[in-house]
Structures are given as structure tokens and as C-alpha cells.
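The values are calculated or read from the model by the stated rules, or taken from the named source; none is laboratory data. Everything numeric in this text was worked out from a predicted model, so none of it was measured. Positions of Cβ are generated from backbone atoms using ideal geometry, with glycine treated the same way; all protein chains shown enter the neighbour counts.
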Amino acid sequence: MRMYDLIMKKRNGGQLTKEELTFMVEEYTLGNIPDYQMSAMLMAIYFEGMSDEETAILTDCMAHSGDMVDLSAIEGIKVDKHSTGGVGDKTTLIITPIVAACGVKVAKMSGRGLGHTGGTVDKLESIKGFKTSIPEEEFFRIVNKVGVSVIGQTGNLTPADKKLYALRDVTATVESIPLIAASIMSKKLAAGSDCILLDVKTGSGAFMKTVEDSIALAKKMVAIGEHNNRRTVAMITDMDSPLGNYIGNALEVKEAVMTLRGEGPADLTEVCIELAANMLYLAKNGTLEECKQQAEEAIQSGKALNKLIELVEAQGGDISVIENPDNFEQATIAHEVVAKEDGFVNHINTEQVGIASMILGAGRETKESIIDYSAGIDMKKKYGDKVVKGDVLGILYTNKGESVKNAELVFEKAYTIAEEKPECKPHIYARIELDKIERY
Ligand code: URA
């Protein structure tokens with residue numbers, strides 16, 4: 001078999017067979033297919049797309065390109081979740097303790113942030129001593145004992161995706177629905193949980209800018225999950241505004257704690273309850289309505305917050321910052337950005353807010369960048385809020401004085417202020433099960 005022929009077949013709109021996709025993924029992972037040929041193939045897929053069958057086979061090949069995690073040492077049903085990423089997305093820190101407090105196991109592998117998006121591993125590492133890299137047996141022990149453990153990706157998980165994603169990143173082929181679906185689902189299948197909840201973000205801070213594209217991606221991923229005997233549901237949630245008010249690692253842990261205390265912002269609380277309820281539903285804890293009540297009760301009773309404390313303690317973290325987030329080290333600079341005009345917040349370019357936060361030191365420009373855990377943004381004005389000239393739009397936190405001017409420019413420009421109050425927008429757009437789409 002020759003890669004040249006496969007590229008030509010896809011370029012001409014053909015469908016790749018199981019043998020052809022297996023050859024392509026195996027040989028590329030081994031280094032026997034050069035990047036220039038794989039780049040051409042990715043571009044052909046970008047333009048010609050892939051059938052559901054091709055996408056499912058590609059996902060399977062990518063999942064099996066490395067270790068398949070065996071979670072059978074953990075008792076009970078294991079539920080995983082995945083967010084397609086965004087700005088201020090601290091939902092994992094909130095919903096995994098909620099779900100564990102309701103008796104369902106979560107053995108979660110998370111990623112780091114890059115560019116304008118944050119990553120759960122970085123957020124957890126803002127807690128002094130928290131270990132995100134632990135031996136597998138320890139990971140299983142914590143999940144069995146506490147009900148939840150969150151670590152960075154271990155071992156040799158989906159090496160094909162690592163290589164392919166890096167290549168897509170530099171060949172303008174990231175935004176392809178079959179390629180995104182295969183990339184995400186190969187990791188979820190390899191990670192070994194029985195059920196998968198997908199949080200597909202939509203809007204200016206997300207990969208998918210429109211609800212329709214997000215639904216198309218979600219449908220593909222749900223079909224792949226179910227085809228592989230994993231109960232899978234996807235929620236389409238808003239990323240046209242940052243989620244919650246805080247962006248930045250320690251700041252987001254603080255907001256997660258506030259939310260688990262029942263004092264979180266309305267958008268974040270609503271999205272977290274809905275996501276947690278769906279994870280419980282997948283684990284067959286009851287009807288969706290019953291699962292929602294369980295999630296709410298876990299917050300009201302304080303059980304979910306206690307679960308987060310147990311998790312942090314089990315992974316070696318300093319629980320004093322969870323018990324009192326004011327114990328987090330504070331940034332030396334707190335700079336207020338004020339509004340220059342009256343009106344209403346009509347739009348927030350969420351990607352730009354993420355970039356402002358990265359400039360302050362909260363995110364990574366390159367994989368090698370070092371994160372300042374105390375850096376970030378406290379957004380004082382969100383979509384639809386009334387603004388009077390001189391009002392504080394947001395507070396920028398950093399230890400890098402030289403970054404403030406640039407971050408302020410980017411942050412200010414992210415806001416569109418208009419005379420008219422804009423229409424209310426939902427925080428959740430749709431819920432997708434196999435062959436079923438519910439719009440909210
Ligand atoms: N996240 C992933 O893991 N892969 C993609 O292709 C896009 C987002």
C-alpha cells in the first residue's frame with residue numbers, strides 16, 4: 001500500500017477502507033510516513049470530509065496506537081467528561097467532586113492549557129503540593145477511596161493523536177469535524193471509562209463558533225462513543241463569554257470553591273449542575289431530573305466541597321487554600337481597567353480575553369512557557385451588563401508589570417459596548433444523545 005494512492009483517493013472524494021486507515025495511522029505513528037504526505041492527507045480530509053464509518057475506524061486506530069487504560073481495578077461505573085476547551089472553564093474542578101459525592105466514580109485524565117485556553121492540570125497545580133503525576137496503582141487507590149482522582153495524561157496514550165494534532169496545528173487543519181471527533185474520542189476511549197460526557201463549547205472562545213457546527217461535532221462524537229459501547233451524551237454550552245467571572249489558575253480554583261459553597265456565579269453554577277446531572281444520568285443514578293436534584297443537594301449539603309478537600313488531600317495538595325482561598329499567594333499587581341463609555345456589554349471576544357490572561361502570565365504562549373498561578377483576570381462586567389463610563393470592566397492580576405499595558409489593550413478591545421441592552425442568551429444550547437437532539 002502506498003500513502004500517495006490514499007492521498008489521491010481522498011483528494012478525489014473517495015472513502016478510505018479499514019485496511020487503508022490502519023496502514024496510515026500505524027505507519028505514521030512509527031515514523032514511516034513523512035509529515036509532508038500526512039499534511040496533504042489532512043488537507044484532503046479537511047476539504048472532502050469523512051463518512052461516519054471512516055471517522056469511527058480512524059478513531060479506533062488512533063485509540064489503539066498506544067496504551068488502552070484498564071480501569072477494572074476500580075469498582076463500579078466510571079464516568080469521564082471532556083470539554084472542548086475555553087476561557088474560564090473550571091467545570092472539572094466543580095463537577096467531578098459533585099459526581100463523586102453522589103457515589104459515582106471519576107478517574108479523570110486532564111490536559112494543560114495552551115494559547116488562550118486553560119487546562120485543568122495547571123489549575124490543580126496552583127494548589128501547593130498537588131501531584132498530577134502519580135503511579136497508576138495510586139490513581140486507582142484514590143478513585144476507589146475518595147471516588148475521584150484527576151491526573152495528567154499518563155504513559156503512552158494515543159501517540160497517533162499527539163503527532164497528528166501537532167501537525168494539524170501547523171497546517172491549518174484543526175477545524176475539521178471528523179478530525180476533531182477522532183482526536184477527542186480516541187483519547188476518551190483509551191482512557192477507559194464506561195461513560196463519557198462531552199461538553200462541546202460554542203462561540204467566540206471555542207473551536208466551533210456556531211451552534212450548528214457544535215451540534216454536528218457532538219453528534220459524531222456521541223455516535224463514536226456509543227459504537228464503542230460507552231454511554232455517551234454531549235451538551236452544547238456557551239463559550240461566547242468566558243465562563244464565570246475569574247480567569248487564571250488559582251483564581252479559578254477560588255471560583256470553583258465558591259461555586260461548591262453555593263456562592264458561585266449563575267452561569268457557572270447552571271452549567272455545572274447540568275453537566276454533573278448528565279454524568280450521574282449516564283451512570284444510571286436516576287432520571288435526569290433526579291440526577292439534577294442529587295447534584296444540587298451535593299452542593300447544598302457541603303458534601304461536594306468536602307469531596308474536593310478529600311481529593312486535594314489525597315493528591316498531596318495544601319487544603320488550606322480550599323478551606324480559605326484567600327490563602328492563595330496573591331499577585332503583586334492588581335490593575336483596574338475602566339470603561340471609556342456608557343452602554344451595555346453587547347459582546348465579549350472571549351478568545352481575546354483568554355489572550356489577555358495569557359499575556360499577564362496565566363497561560364502558555366508556547367509549550368515551554370512558565371505559568372504564574374496568581375495571574376489572571378476578575379471580570380466585573382459580563383454580557384448584557386449595564387456600564388457607566390469609569391466603571392471597572394475587570395481587574396488584571398499579574399507579577400509582570402511590563403505585561404499590564406499590552407494585556408489592558410487586548411482586554412479592553414475584547415469588549416463591545418452598545419447603547420441597546422442585548423438579548424439574553426442561553427448558557428446551554430442543546431443536549432445530544434444517540435439519534436436525539438434536545439434544544440434548550
Ligand atoms: N481538542 C482535542 O483534543 N483535539 C482536537 O482536535 C480539538 C480539540
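If you go through region 302-339 and keep only what is touching a residue at least 60 places away in the same chain (Cβ under 8 Å), within 25 Å of Asn144 (Cα to Cα) and among the polar types (S, T, N, Q), you end up with Asn306, Gln315. Looking only at residues in region 167-215 that are assigned to a helix (DSSP H, G or I) and more than 13 Å from the ligand (Cβ to nearest atom), the one that is surrounded by the fewest Cβ atoms within 10 Å (Cβ to Cβ) is Val170. Beta carbons closer than 6 Å, at least 6 apart along the sequence or on distinct chains, pair a first residue in region 31-50 that is farther than 11 Å from Ser176 by Cβ with a second that is surrounded by fewer than 17 Cβ atoms within 10 Å (Cβ to Cβ) and of a type in the set (Asp, Glu) for Ile33/Glu27.
Residues in region 123-166 that are outside any loop (DSSP other than H, G, I, E, B), small (Gly, Ala, Ser) and either under 26 Å from Ile77 (Cα atoms) or touching a Lys or Arg at 6+ places or on another chain (Cβ under 9 Å) (or both): 2 in all. One residue alone among Glu290, Glu252, Glu310, Glu226 is touching a Lys or Arg at 6+ places or on another chain (Cβ under 6 Å) and acidic (Asp, Glu), and that residue is Glu252.
Of the helices (runs of 4 or more DSSP H) lying entirely inside region 1-103, those containing at least 1 residues that are at pLDDT 95 or above, more than 25 Å from Leu217 (Cβ to Cβ) and more than 23 Å from the chain's Cα centre (by Cα) span 3-11, 18-30, 35-48. Go through region 165-200 and give me each residue that's of a type in the set (A, V, I, L, M) and in contact with a strand residue (DSSP E or B) (Cβ under 7 Å, 6 or more places away or on another chain). Scanning region 165-200 gives Ile184, Ala191, Ile196, Leu197, Leu198, Val200. For first residues located in region 154-182 and without any contact (Cβ under 8 Å) to a residue 40 or more places away in the chain, partners that are within 11 Å of the ligand (Cβ to nearest atom) and basic (Lys, Arg) and lie 6+ apart or on another chain with Cβ distances below 6 Å form the pairs Val174/Arg168.
Against the list (1) in contact with a Leu (Cβ under 6 Å, 6 or more places away or on another chain); (2) surrounded by fewer than 22 Cβ atoms within 10 Å (Cβ to Cβ); (3) closer than 30 Å to Glu125 by Cα; (4) polar (S, T, N, Q), the condition Asn228 fails is (3). Among residues of region 110-144 being more than 16 Å from the ligand (Cβ to nearest atom) and among the hydroxyl-bearing types (Ser, Thr, Tyr), the one that is surrounded by the fewest Cβ atoms within 10 Å (Cβ to Cβ) is Ser133. Taking (1) modelled with pLDDT under 95; (2) within 30 Å of Glu433 (Cα to Cα) in turn, Glu368 satisfies each apart from (2). When residues in region 145-166 are screened for being within 13 Å of the ligand (Cβ to nearest atom) and hydrophobic (A, V, I, L, M, F, W, C), 4 of them pass. Of all the numbered requirements in (1) assigned to a strand (DSSP E or B); (2) surrounded by fewer than 24 Cβ atoms within 10 Å (Cβ to Cβ), Ala223 misses one, and that requirement is (1).
I need the full set of residues from region 130-167 which are closer than 28 Å to Tyr36 by Cα and among the aromatic types (Phe, Trp, Tyr), in order please. Within region 130-167, just Tyr165 meets the criteria. Of the set (1) at pLDDT 95 or above; (2) among the polar types (S, T, N, Q); (3) farther than 27 Å from Ile319 by Cα, all apply to Ser126 but (3).
Scanning region 85-108 for residues that are within 16 Å of the ligand (Cβ to nearest atom), crowded, with 24+ Cβ neighbours inside 10 Å and either more than 20 Å from Val143 (Cα to Cα) or not β-branched (Val, Ile, Thr) (or both) gives Gly86, Val87, Asp89. Report yes if some residue within region 185-207 is of a type in the set (S, T, N, Q), touching a residue at least 60 places away in the same chain (Cβ under 8 Å) and closer than 19 Å to Ala44 by Cα; otherwise report no. Checking region 185-207: not a single residue is of a type in the set (S, T, N, Q), touching a residue at least 60 places away in the same chain (Cβ under 8 Å) and closer than 19 Å to Ala44 by Cα. In region 387-406, the residue that is surrounded by the fewest Cβ atoms within 10 Å (Cβ to Cβ) out of those that are without any contact (Cβ under 8 Å) to a residue 60 or more places away in the chain and part of a helix (DSSP H, G or I) is Glu402. Criterion applied to Tyr397, Tyr429, Tyr440, Tyr383 was being aromatic (Phe, Trp, Tyr), out of contact with any Pro (no Cβ under 8 Å at 6 or more places or on another chain) and within 30 Å of Ala216 (Cβ to Cβ), and the one residue passing it is Tyr429. Val69 passes every criterion in (1) within 16 Å of the ligand (Cβ to nearest atom); (2) under 15 Å from Lys187 (Cβ atoms) apart from (1). Among the residues of region 341-360, those that are in a loop (DSSP other than H, G, I, E, B) and within 25 Å of Gly203 (Cβ to Cβ) comprise Glu341, Asn349.
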